[in-house]
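Enquirer: I am attaching a structure below and will ask some questions about it afterwards.
The values are calculated or read from the model by the stated rules, or taken from the named source; none is laboratory data. No experiment lies behind these values; they were computed from the predicted model shown. Every residue, glycine as well, gets a Cβ built from its backbone with ideal geometry; the counts of neighbours run over all protein chains shown.
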Amino acid sequence: MNELLNNLRPLFSGEVFLLMLVMGSYLLGVYIYKRTKMSFLQPLLISMLLIIPFLKMTGIDYKTFYEQTRILNFMLGPSVVALGYVLYEQIEHVKGNIISILTSVFIGSVVGIVSVMLIAKLFGADKMLISSLAPKSVTTPIAMSLAEKNGGIPALTAAFVVICGIFGGFIGPIVLRLIGVRSKIARGLAMGSASHAIGTVRAIEMGALEGAISGLAIGIMGVMTAFLIPFIEMFF
């Protein structure tokens, strides 16, 4: 078996095969999610459960996987920008709420950074791990860049971002419903600020306005987090 895997490794580690693996796993996850309607069966989670064991079994390291699927990482940036079109369709609802939106995201950014850094510090985490955790609530490209510039580990940050997004996408709507948040703008801001792109996908399912505001929150959250992390880290 090991000899067979060694012979097939050049095929498995090729760009075409790995791209097909990622997209195929995600499409399978989308199919399962639509069929079951279970919020915890996020397509991204299903993809991870399929891809990680495959990489372990075939002996393909993360660096190879990252390099061969770099086009998907590049597309993360444009995909976030594309959310601007959804926001444009709902621009009338944004007018008059700019101050409240900025204030809400600012507070969310501060709480998100301070809480995770404080908890990590209390559990004895070193500076490298704390810097990797700090940008967990922003979208992957921004989070990885912030982690690298502040002495963290980008790959570890990417994992934290995904975990945060999946958890927020699953538990967020439940929490908002339990505490009685009915404002569509507030729900969108909460999902986008706490769980970035994955939360925005769930927000879009909640409604067009929630999805648009959540997309806006991703961008504002990224900018504010980039400015706040170096300042807050001075106290840790």
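Enquirer: Quick one: I163 ticks every box in (1) in contact with a Ser or Thr (Cβ under 8 Å, 6 or more places away or on another chain); (2) part of a helix (DSSP H, G or I) bar one, so which box is it?
Expert: Unmet for I163, out of (1) in contact with a Ser or Thr (Cβ under 8 Å, 6 or more places away or on another chain); (2) part of a helix (DSSP H, G or I): (1).
Enquirer: Next question, about the same structure. Just one of F54, F106, F123 is assigned by TED's automatic domain parsing to the domain that holds R187, touching a residue at least 24 places away in the same chain (Cβ under 8 Å) and hydrophobic (A, V, I, L, M, F, W, C); which is it? Steps first, answer last, please.
Expert: Values: F54 fails: assigned by TED's automatic domain parsing to the domain that holds R187; F123 fails: touching a residue at least 24 places away in the same chain (Cβ under 8 Å).
Exactly one residue qualifies, and that residue is F106.
Table: residues versus (1) surrounded by fewer than 22 Cβ atoms within 10 Å (Cβ to Cβ); (2) touching a Leu at 6+ places or on another chain (Cβ under 7 Å).
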site	(1), (2)
R187	no, yes
A190	no, yes
A194	no, no
E205	yes, no
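Enquirer: Name the residues in region 154-209 that are over 24 Å from G29 (Cα atoms), touching a residue at least 40 places away in the same chain (Cβ under 8 Å) and hydroxyl-bearing (S, T, Y), would you?
Expert: Within region 154-209, just S193 meets the criteria.
Enquirer: Any residue in region 75-98 that is over 18 Å from A212 (Cβ atoms), aliphatic (A, V, I, L, M) and modelled with pLDDT of 80 or more? If you could, list the steps in order and put the result at the bottom.
Expert: As a first pass, look at region 75-98 and keep what is over 18 Å from A212 (Cβ atoms): 75-77.
Of the ones still in play, those that are also aliphatic (A, V, I, L, M) are 75-76.
Filter again for modelled with pLDDT of 80 or more, leaving none.
No, that holds for no residue.
Enquirer: Can you give me the number of residues within region 56-77 that are in contact with a Leu (Cβ under 9 Å, 6 or more places away or on another chain) and assigned to a helix (DSSP H, G or I)?
Expert: Filtering region 56-77 for residues in contact with a Leu (Cβ under 9 Å, 6 or more places away or on another chain) gives 57-62, 64-65, 68-69, 71-72.
In the following step, the residues that additionally are assigned to a helix (DSSP H, G or I) were identified as 57-58, 62, 64-65, 68, 71-72.
Residues in region 56-77 being in contact with a Leu (Cβ under 9 Å, 6 or more places away or on another chain) and assigned to a helix (DSSP H, G or I): 8 in total.
Quick grid of which residues meet (1) touching a Leu at 6+ places or on another chain (Cβ under 9 Å); (2) aliphatic (A, V, I, L, M); (3) more than 14 Å from K136 (Cα to Cα):
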residue	(1), (2), (3)
K184	yes, no, yes
I198	yes, yes, no
R202	no, no, yes
I220	yes, yes, yes
M234	no, yes, yes
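Enquirer: Looking for whichever is surrounded by 13 or more Cβ atoms within 10 Å (Cβ to Cβ), of a type in the set (S, T, N, Q), in the same structural domain as L55 (by TED's automatic domain parsing) and modelled with pLDDT of 90 or more here; the options are S25, S39. Which one fits? Write out each step before concluding.
Expert: Working: S39 fails: modelled with pLDDT of 90 or more.
None of the others qualify; the one that does is S25.
Enquirer: For the structure I just gave you, tell me whether L44 is at pLDDT below 85 and crowded, with 17+ Cβ neighbours inside 10 Å. Steps first, answer last, please.
Expert: On the way: at pLDDT below 85: yes; crowded, with 17+ Cβ neighbours inside 10 Å: yes.
Yes: the conditions hold for L44.
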